[in-house]
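*Asks:* Have a look at this one.
The values are calculated or read from the model by the stated rules, or taken from the named source; none is laboratory data. Keep in mind the model is a prediction, meaning the values are calculated, not measured. FYI the Cβ positions are ideal-geometry reconstructions off the backbone, even for glycines, and counts take in every protein chain you see. Remember, those area values only see protein heavy atoms, side chains included, never the ligands or the DNA or RNA. Shrake-Rupley method; radii C 1.70, N 1.55, O 1.52, S 1.80 Å.
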Amino acid sequence: MKYTAKKEKENSSKKLLESLEQSIQEVFESDKWKEYLDTCSKFHHYSVNNCILILIQKKDATQCASFNAWKKLGRTVKHGEKGIRILAPAPFKKEVIKQSRGEDGAKLTDVNGNAVTEKDMVVVPWYKVVYTFDISQTEGKELPGVCEELKGTVDNYEQLKDAVIKVAGVPVKFEEIDSGAKGFYSRDTDSITVKKEMENTQTIKTLVHEMTHAKLHSGACDLDRKTEEVQAESTAYVVCKHFGIDTDSYSFEYLAGWSSGKELKELKQSMNIVQKTADEFINAIEKELGIANGQKEEVA
């Protein structure tokens, strides 16, 4: 059977989506979850779906952009390089026939009792396969470093801490905590307390962890405590990783074994929450630090 170009594109999208669904389930093995969060820290502007697609095709990717985007930055894709397939929204309009309704919302019929119909245009959600390329697949003009002072140790600690506190949106205080906790968010006072005089990395990580609780879990919440903690720690990991702060050894004690018995829908929901919350925090912190946001690609 000879397929048209449109049919081939539809099949390509379908296969990519099927691969994506399988990979989502696999992500929630502990090592895979860590890899996903690492990818999310690098590509926080990308959706959950596209973060996973980048991960399963090129796990060592660090900076991705389209062919034309790299060209605008003075770089070209090397000859023979294979693009990373991701999904971009491609909705289309479709004409449908529907039964007419009166001002009161009731369906209209003619004198013979037959339905009165009218034509209408509806938007059908659809996605197409597009290609992105990692910086390692390109050559040309060197890119300016973003937040280089935050690589390794937290050189600009006070500046970053102040930015995180401003983004938190609730009062933050530093005190001794008798319970041994590194910090906590109080729903009663809508405030964050962080143990004072901790190491820089631990302080920043704890701040982001608790501000995630403040954002996601401040009101009535039907999540179990374990899921709340994993959402907060995963978000903190992604944000810290983005700013060059390594929290691997601490963070993944929270995450091991969490996925056991969870359904795909529930797992993906938490992935979406972590990705969107981390993206919001990263953008807000960078704005406070006076860092221009990198290019954004509105993709699936």
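*Asks:* Where the second residue is open to solvent by less than 20 Å² (accessible area, probe 1.4 Å) and the first is of a type in the set (K, R) and lies in region 211-223, which pairs have Cβ atoms under 8 Å and are six or more apart or on separate chains?
*Replies:* Close Cβ pairs (under 8 Å, with a partner that is open to solvent by less than 20 Å² (accessible area, probe 1.4 Å)) amount to K215/T277.
*Asks:* If I ask for residues that are open to solvent by less than 60 Å² (accessible area, probe 1.4 Å) and farther than 24 Å from K241 by Cβ, which ones from region 178-225 would you list?
*Replies:* Within region 178-225, G180, S186, S191, T193, S218, G219, C221 qualify.
*Asks:* Continuing with this model, one more query. Can you tell which of V130, V154 is among the β-branched types (V, I, T), closer than 30 Å to E199 by Cβ and open to solvent by less than 70 Å² (accessible area, probe 1.4 Å)?
*Replies:* From the options V130, V154, the qualifying one is V154.
*Asks:* So, restricting to helices (runs of 4 or more DSSP H) that lie completely within region 1-103, which ones have at least 2 residues that are open to solvent by 40 Å² or more (accessible area, probe 1.4 Å), at pLDDT below 85 and more than 15 Å from K268 (Cβ to Cβ)?
*Replies:* 5-27, 30-42
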